[in-house]
Amino acid sequence: MLPLFAACLITWLGAVVIGRGRVPDFWPALGLAAALVAVTWVLHGPLHFPPDGALEKLSYLAGVALALGLLIEAVSAGRGMQVVAMGWVWLVVGWLAWPVVSAPDWIAIAAAIAIALAGSLAVGRLRESGGGASFMMLLVAAFALSAIAHYSNAHGMAKLIAALGAGTVGAAFGLLLARGGGLVLGGSLLLVGGGSLVGLATILLLYTSVSPWPVIFLLPIFFADLFAARSVSGNDGLGKSVAGSLRVLVFLIGLLAPAVGAVLLTQQLGG
């Protein structure tokens, strides 16, 4: 409940009291970043400087992502954000994975590269999808990853990953109360939300005993909108309302099927 209410309150206050400004997703991004830092503080104690461990690094990365997104949006109106977002993923994975890759541990290096590649693909798809589709992708992926951590007995990580999902819902709800909707993973929110998801997956895969196979199973979530668009085109002879409803249904199936499959696979592997 903490990340849900914290993100909602900060987003609502910023949007209502201060206003939209030049960066439309700044307040939801700030709400989500603050929610993640607050949950990390509650679960693991106050932050240190320099950061002590990967989880504290993740909190600092959320702050840097917020500032970087704000800068890119203010200077270039978001042009080049796709490249920045995908490059940001490599920085996130590199800093979090540094203790294990600097050994050097060649298996860990290969794993970190694979995580960065998959993370770049996922964040790139979030950027391309836009609107409600990217919001739903991030939300389902976060809660599914949290369930994977839970059933793999990484309960502390499960709580923190669930905070990402709850904070995303809170930010969306705060913006809904303030402006009637309009949450888009564009600049700051893309870097904070997408970067945090990849960072949490990095920690989960490199520093716990969680199997990588269920996590890999989540990748199709980020293609659910493409799957729906190609499955139900505008030339199928269906009415617009029927085609639209069917496209939403296929999109939801594309979201939930990989998520449910990944959790079931985790349970099977755990058994």
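The values are calculated or read from the model by the stated rules, or taken from the named source; none is laboratory data. All values derive from a computational prediction rather than experimental measurement. When we count neighbours, we look across all protein chains shown, and the Cβ atoms used for this are built from the backbone with ideal geometry, even at glycine. Side chains included, ligands, DNA and RNA excluded: accessible areas come from the protein's heavy atoms. Shrake-Rupley method; radii C 1.70, N 1.55, O 1.52, S 1.80 Å.
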Problem set entry | Where VAL89 falls short, out of the listed (1) at pLDDT 90 or above; (2) more than 12 Å from VAL198 (Cβ to Cβ); (3) open to solvent by less than 10 Å² (accessible area, probe 1.4 Å); (4) not aromatic (Phe, Trp, Tyr) | (2)
Exercise. ALA141 is checked against (1) open to solvent by less than 10 Å² (accessible area, probe 1.4 Å); (2) farther than 23 Å from GLN267 by Cβ; (3) in a helix (DSSP H, G or I) and fails just one. What number does that condition carry?
Worked result: (2)
For this session: Return the total of residues in region 151-180 being open to solvent by 60 Å² or more (accessible area, probe 1.4 Å) and either in contact (Cβ under 8 Å) with a residue 24 or more places away in the chain or under 23 Å from TRP41 (Cα atoms) (or both).
Result: 7
Exercise. Regarding LEU58, is this residue of a type outside the set (Gly, Ala, Ser) and under 24 Å from GLY174 (Cα atoms)?
Worked result: yes
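Here's the yes/no breakdown for (1) closer than 23 Å to ALA166 by Cα; (2) free of Cβ contacts under 8 Å to residues at least 60 places away in the same chain; (3) within 15 Å of the chain's Cα centre (by Cα); (4) assigned to a helix (DSSP H, G or I):
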| residue | (1), (2), (3), (4) |
| --- | --- |
| TRP95 | no, yes, no, yes |
| PRO99 | no, yes, no, yes |
| ALA103 | no, yes, no, no |
| ALA108 | no, no, no, yes |
| LEU145 | yes, no, yes, yes |
| ALA149 | yes, no, no, yes |
Exercise. Which members of region 25-53 meet the condition of being open to solvent by 20 Å² or more (accessible area, probe 1.4 Å) and assigned to a helix (DSSP H, G or I)?
Worked result: PHE26, TRP27, LEU30, ALA34, VAL37, ALA38, TRP41, VAL42, LEU43, HIS44
For this session: Sort out which residues of region 191-216 are open to solvent by 10 Å² or more (accessible area, probe 1.4 Å), under 16 Å from the mean Cα position of the chain (by Cα) and of a type outside the set (A, V, I, L, M), and write them in order of number.
Result: none
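Pick from SER120, SER188, SER129: which is open to solvent by 20 Å² or more (accessible area, probe 1.4 Å) and among the polar types (S, T, N, Q)?
Values: SER120 fails: open to solvent by 20 Å² or more (accessible area, probe 1.4 Å); SER188 fails: open to solvent by 20 Å² or more (accessible area, probe 1.4 Å).
Among SER120, SER188, SER129, only SER129 is open to solvent by 20 Å² or more (accessible area, probe 1.4 Å) and among the polar types (S, T, N, Q).
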For this session: Being in contact with a helix residue (DSSP H, G or I) (Cβ under 6 Å, 6 or more places away or on another chain) and open to solvent by 40 Å² or more (accessible area, probe 1.4 Å) is the filter here, so list the residues in region 69-83 that pass it.
Result: LEU70, GLN82
Seminar exercise, completed: How many residues of region 112-132 are over 12 Å from GLY199 (Cα atoms) and touching a Phe, Trp or Tyr at 6+ places or on another chain (Cβ under 6 Å)? The answer is 2
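Consider region 104-117. How many of its residues are under 12 Å from LEU219 (Cα atoms) and surrounded by 22 or more Cβ atoms within 10 Å (Cβ to Cβ)?
Counting residues in region 104-117 that are under 12 Å from LEU219 (Cα atoms) and surrounded by 22 or more Cβ atoms within 10 Å (Cβ to Cβ) gives 1.
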Seminar exercise, completed: So the helices (runs of 4 or more DSSP H) completely within region 152-234 holding 3 or more residues that are more than 26 Å from GLY261 (Cβ to Cβ) are 155-179, 188-207
